[in-house]
Amino acid sequence: MKLLSIYLFLLGNIMLTTINSKAQVMPVFSELTSLPDSEGYAGMFAGVSNGRLFCLGGANFPDKRPWEGGKKKWYDEIYMFQEGKDWVKLADKLPSPLGYGITVSYKNQFIIVGGNHAAGFSDKVYGYEWTDGRLKMVHYPQLPVPLANMAGTLVGQLIILAGGNSSATGRAGKQCYVLDLEAIDSGWSALPSWPGRERMLPLCAVYGGMFYLFGGETTGINSLSQHYRLILDDAYSFKPKKVDGRWTGTWTTLSRMPKGLSAGGSPLPVLENGDVVFWGGVDALTSLHTDPLSHPGISADVQLYNLNSDTWKYAGKKLGIAAPVTLPVVNWNGRWLYISGEIKPGIRTNKIYELK
């Protein structure tokens, strides 16, 4: 009996330690003021200028769900948010309705790159700055090709893009481009491609002067002439360097993801300890659900990847809030914000979640 008591005591302590350990690694999410649009958007742009948060463009199905014959609509609207104030819908608009590109914030500007719209794909790059009570726009060098559904972020003074596609029917690509914001006249140039497959909707992160690329998806035709969709689980880092006046660099293969992900919020949040947070996104299991009416929603799993140790761990499930896909993540005042997005096929959310 005494041995049994000791065993139960030790077992209880082990279980408590395990629970506490999981509680410690689960990032803390909270809800910020929602966008002032009840439907919400997928594929928005989001950036920061002079302390203000801006959310632009995106797309939704305003009238009917896609399975009811609803038509997808892209937007040119711009929303602004300040601490302690309500959202404001600006009179300013994007040059055209646009979504599914990337945004970086640099100095007092945010820069939106590429994207698509109802009529096709964009190679345009626009910079915006909030100054003198209004949003001023400047043009940046065009992309080498129209591009959307890529990963992209700022690494020092460099905008680095990876993957994506150039038309609605075009396959995912292996293109990788760079724009040096301190040498804009040089325009965009090609970087070496990662050693893995072509991809669209990959995720990315930046840490310690390195660009990190995770997952995404590709499509193809198998030996039975059947079309397939493959969610990728590979990961890479890229260290940029300048050689003979041109940017190049080296790719390194990292530990594979415990499960592949595509279309998650990006760029990925990076915590102070070097953990990259993966929440939301389409995994292989979710991708099998092709019927919107029976779709279970996006997995609530939270995974962490440590950039210092090249290791993965499972933090648990973030329950109580719907995990999103196809959305921007932006760092604002030291907080990571998940902006709107899609929570089921054709269904958006106007929620904004904060990760501290």
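General remarks:
- All conditions in (1) surrounded by fewer than 24 Cβ atoms within 10 Å (Cβ to Cβ); (2) free of Cβ contacts under 8 Å to residues at least 60 places away in the same chain; (3) of a type outside the set (Val, Ile, Thr) hold for ASP180, with the sole exception of (2).
- Cβ pairs under 7 Å, 6+ apart, first in the stretch 70-99 and free of Cβ contacts under 8 Å to residues at least 24 places away in the same chain, second among the small types (Gly, Ala, Ser) and surrounded by 14 or more Cβ atoms within 10 Å (Cβ to Cβ): ASP76/GLY57; ASP76/SER96
- Matching entry among TYR305, TYR338 (being over 25 Å from GLY40 (Cβ atoms) and surrounded by 22 or more Cβ atoms within 10 Å (Cβ to Cβ)): TYR305
- Residues that are surrounded by fewer than 18 Cβ atoms within 10 Å (Cβ to Cβ), under 24 Å from THR219 (Cβ atoms) and modelled with pLDDT of 95 or more do not occur anywhere in the stretch 274-295.
- The set of residues in the stretch 56-72 being over 30 Å from GLY133 (Cβ atoms) and buried (at least 17 other Cβ atoms within 10 Å of the Cβ) consists of PHE61 alone.
- Residue in the stretch 141-150 that is in contact with a Cys (Cβ under 9 Å, 6 or more places away or on another chain) and either modelled with pLDDT under 95 or not in a loop (DSSP other than H, G, I, E, B) (or both) present: no
- Single match in GLY320, GLY316, GLY265 (criterion: in contact with a helix residue (DSSP H, G or I) (Cβ under 7 Å, 6 or more places away or on another chain) and either of a type outside the set (Phe, Trp, Tyr) or at pLDDT below 95 (or both)): GLY316
- Qualifying residue in the stretch 178-198 (condition: part of a strand (DSSP E or B), of a type outside the set (Lys, Arg) and closer than 18 Å to VAL276 by Cα): no
- Output for the stretch 212-226, where each listed residue is in contact with a Ser or Thr (Cβ under 7 Å, 6 or more places away or on another chain) and among the aromatic types (Phe, Trp, Tyr): TYR212
The values are calculated or read from the model by the stated rules, or taken from the named source; none is laboratory data. Fair warning: this is a prediction, and the values are worked out from it, not measured in the lab. Cβ: placed from backbone, ideal geometry, glycine included. Neighbour counts: every protein chain shown.
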